[in-house]
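As structure tokens, the structure follows; a few thoughts come after it.
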Amino acid sequence: MNFLKHNLRWYLPVLTGALILFLWILVKELFGIRNFILPSPLKIAQAAIAERHVLFQSAMITLSGASLGFVTAAIAGILGSMVMALSGNLRLSLYPYILILQMTPMAIFAPVLVIWLGPGLPAVTVITFLICFFPIVANTTQGLISVDKNMVDLFRMINADRGQEVRLLRLPHALPYFLTGLRIAGSIAMIGGITGDLFAGNASGGVGGLGFMVLVYNAQLKIPALWAAGFTACLCGFLFVSVVIALNWFLLHKWHDSIAKSDV
């Protein structure tokens, strides 16, 4: 009984997935839904096997753009947040424009980026960067400026310089905030990569990213393959987020309470 209780986090999602598949098949059979509207799980699995080489190459292309954009956003996010945290006037000057950048629909930016950078990996990377940047810089800035005032006063009492204050106090305090922003960005990085594929992807070498292949399968009315591409994108997203969660655990599990209290 204790074994089952401790492993519910694994069993429950599997059981829920099995129930969803059962209901999917049941609804399709009861209502006679045709495959071009809703293909069966078996048809999708067969299409995934038939298109496995194309889907694998497409996933690697999309992951490349998503990873580059995500890593660039992480580096720029922490550097930008440090600049804004150390200067209140600069923070007041820049933050509204960062917010505007986040709120502007990517459908507006994407065609401009294609004109500037051309279709392919550079444009996809920049689109992913723009999607991932804001949660990282917003969370990290909040962490850097929300240090306990008593601790700041203590550092100044012992004549710590600004660099020591940042390195020994503000950055460790902001690390959980940074990692929270990183987890949010990681969960949407694949969305950024696929959005980039949709607007700026190409098929150099005969295969494009997952977003590009979705357009191709849709145009060819290969609906099971279209669903297979969607599930491949979901799998890539889970792998991406798993890496971020593992990094979060590695950096925090020895000293921060959030790991012990987390459900992840």
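Before moving on, here are some points about what is shown:
- Rounded to 0.05, the FRET efficiency of the residue 87 and residue 256 pair, given R0 = 25 Å and the Cβ-Cβ distance, is 0.35.
- Against the chain, whose longest principal axis is taken from its Cα atoms, helix 210-219 shows a tilt of about 30°.
- The chain: Rg to Rh, with Rh as the Kirkwood radius over Cα pairs: 1.07
- The alpha carbons of the stretch 4-126 stretch over 63, 46, 28 Å along the principal axes, in descending order.
- Considering every alpha-carbon pair of the stretch 128-264, the percent of pairs per 10 Å bin, from zero through the bin containing the longest distance, is 11, 29, 25, 17, 11, 5, 1, 0.
- With Cα atoms, 0 to 90° folded angle of helix 41-50 axis to the chain main axis: 80
- Total lysine pairs under 29 Å (Cα atoms) in the chain, excluding pairs fewer than 8 apart on one chain: 7
- Summed over qualifying helices (DSSP H, 4 residues or more, each -39500 (n - 2.57)) and divided by its residue number, the chain shows a 222 nm mean residue ellipticity of -27000 deg cm²/dmol.
- Sorting 121-128, 139-146 by average packing, meaning the other beta carbons within 10 Å per residue, from highest down gives 121-128, 139-146.
Taken together, the values in this text are just the output of simple stated rules run on the coordinates, not laboratory data. Remember, it's a predicted structure, so these values are computed and weren't measured experimentally. FYI the Cβ positions are ideal-geometry reconstructions off the backbone, even for glycines, and counts take in every protein chain you see.
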